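Heads up: the structure comes next, in structure tokens.
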Amino acid sequence: MLHNSSRRKFLKQSSCLSLGIMAYPTFASAFNADKYDDLIIGHNSHQYKVNMKWGNLDPLKTPVQDCHEMVQDSKERIVLLTNHTKNNVIIYDKSGKLLETWGTDYPGAHGLTLVKENGEDFLLITDYERHQIIKTTIDGKVIFELDYPADTGNYKNKEEYKPTETTVLENGDFYVADGYGNQYITHYNHKGDIVNAFGGKGTEDGQFLNAHGICLDNRDAKNPSLLISAREMNILKRFSLEGKFIESINVPGALICRPVIHKKEIYFAVLKSKESPNADSGFLLIMNEKNEVVSCPGATAPSYKNNELNELYQTIRLFQYPHDVCIDEDENVYVAQWNSGQTYPIKLTRV
């Protein structure tokens, strides 16, 4: 939502589309970062001021292609993963100042997970073009490379394996979501030995269409579980750590990327609106601990009818295929975008 009437001047109602498709509000003019300086988006207690200039760099020196994911390390730096092989990893301070870059070997860089071991930061990178998981130090030294899980019998060859995300348990076990491949979730121990595999492509409760993101949900310390996004299905699925299906949480209209837990809430980048008239749509989505959607920055206000969430869709032309979010200790949100014209991340300051 917009904060007051003066900010509503940035919006105009689009004309009704033919064939009975719903009309969508849209920005009237082309992108101009200055126009967004006073824009407030979001709903209820989760509203944000837009900063389109955060993290902008010289594209000739520090280019990006698809900005896939972001994490914050132990030094409170913002770490961005892009599949541009001049600099796959770009590290900022919170003001958006460039600190360092590294990485030239990850053409399919997609998933980025921060791993903390004995006071040291490491990264798990999924590369769907290399069909591998790569563990590195925070400054890029390779610790190991993990190939496709042939021993599970779920893959005929490495080309069928296109991993998109990982999540790590406190004991060092980790899970890999194969969101662009055969849709299996593979569980490894800390040594890299396969413990289990579950899921697969399909529409049953325990299956996925685009198992794009995965995270450990330990908000209930006595009952930790896995949250896995079935993006093409507009569903967030919960599983036990052993791979048993527990529940589905429907988010109609929202192609959700990986779930990111911050305190008691779950944050998502929504790649696009399912029914948006413009393909390069998208917004953010925030759920509380009851799995209720409480805010959708850039989209319709969440509403429920008979305990079912009404369909969500983009309302302002701000985001273009948002792919991940990173939330800092001040509740600010950093948004990485895919296929958005090689744009740098957007910062949303909590208000």
Q) Relative to the Cα centre, what is the charge dipole magnitude of the range 76-125, using +1 at the beta carbon of each Lys and Arg, -1 at the beta carbon of each Asp and Glu, and rounding to the nearest 20 debye? A) 220
Q.
Using +1 at the C-beta of Lys and Arg and -1 at the C-beta of Asp and Glu, which of Ser45, Ser74, Val142 has the Cα lying farthest in the positive direction of the dipole of the chain?
A. Ser45
Q: Under 13 Å Cα to Cα from Lys158, which aspartates and glutamates show up? Leave out anything in the same chain fewer than 8 places away.
A: Asp127, Glu129, Asp147, Asp178
Q) From the phi of every residue in the range 183-193, what ³J(HN,Hα) in whole Hz does the Karplus formula 6.51 cos²θ - 1.76 cosθ + 1.60 yield, where θ is phi - 60° and glycine or proline is x? A) 6, 8, 9, 10, 9, 10, 7, 5, 8, x, 7
Q. Non-local amide H neighbours of Gly181 (under 5 Å, H modeled in plane, Pro and chain starts lacking H): which ones?
A. Lys162
**Q.** Dipole of the range 112-248, positive direction: furthest Cα of Thr166, Gly181, Phe208, with charges on the beta-carbon
**A.** Phe208
**Q.** Anisotropy class of the range 287-332 from Cα gyration tensor, a/c 1.5 cut
**A.** oblate
Q) Among the DSSP beta bridges whose two residues both lie in the range 144-265, what percent are antiparallel, rounded to the nearest 5? A) 95
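Using the crude model of +1 on Lys and Arg Cβ and -1 on Asp and Glu Cβ, and no other charge, please compute the dipole size for the range 275-324 relative to its Cα centre, in debye to 20.
Details: 3 positive and 7 negative charges, 29 e Å.
Once rounded to the nearest 20, the dipole reads 140 debye.
Assign unit charges at the C-beta atoms only (+1 for Lys and Arg, -1 for Asp and Glu), then state the dipole size of the range 187-233 relative to its Cα centre in Debye, rounded to the nearest 20.
140
Checking the a/c ratio against 1.5 first, then a/b against b/c, what shape does the Cα gyration tensor give for the range 165-324? Mind dumping the intermediate values first?
Values: a/c = 1.93, a/b = 1.63, b/c = 1.18.
Note, shape of the range 165-324 comes out prolate.
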Q: Just name one of Met287, Pro345, Phe319: the one whose Cα is farthest towards the positive end of the charge dipole of the range 265-351 (beta-carbon charges, Lys/Arg +1, Asp/Glu -1).
A: Phe319
Q | Those lysines that a straight Cα-Cα span of less than 24 Å connects to Lys49, excepting residues fewer than 8 apart in one chain | A | Lys9, Lys12, Lys35, Lys94, Lys97, Lys263, Lys264, Lys272, Lys347
(Q) Just to be sure I understand, if you calculate Rg and Dmax of the Cα atoms in Å for this structure, which of (i) 22.3, 81; (ii) 19.5, 60; (iii) 24.1, 100 do you get? (A) (ii)
Q: Could you please rank Glu69, Glu204, placing first whichever residue has the fewest other Cβ atoms within 10 Å of its Cβ?
A: Glu204, Glu69
Q. Residue by residue through the range 302-314, which ³J(HN,Hα) values in whole Hz follow from phi under the Karplus form 6.51 cos²θ - 1.76 cosθ + 1.60 (θ = phi - 60°), with glycine and proline marked x?
A. x, 9, 10, 9, 6, 6, 10, 5, 6, 4, 9, 7, 4
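Each reported figure results from applying straightforward, stated rules to the coordinates on display, with no laboratory input. Because the structure is a prediction, the values reported are computed rather than measured. Backbone-built Cβ (ideal geometry, glycine too); neighbour counts: all protein chains shown.
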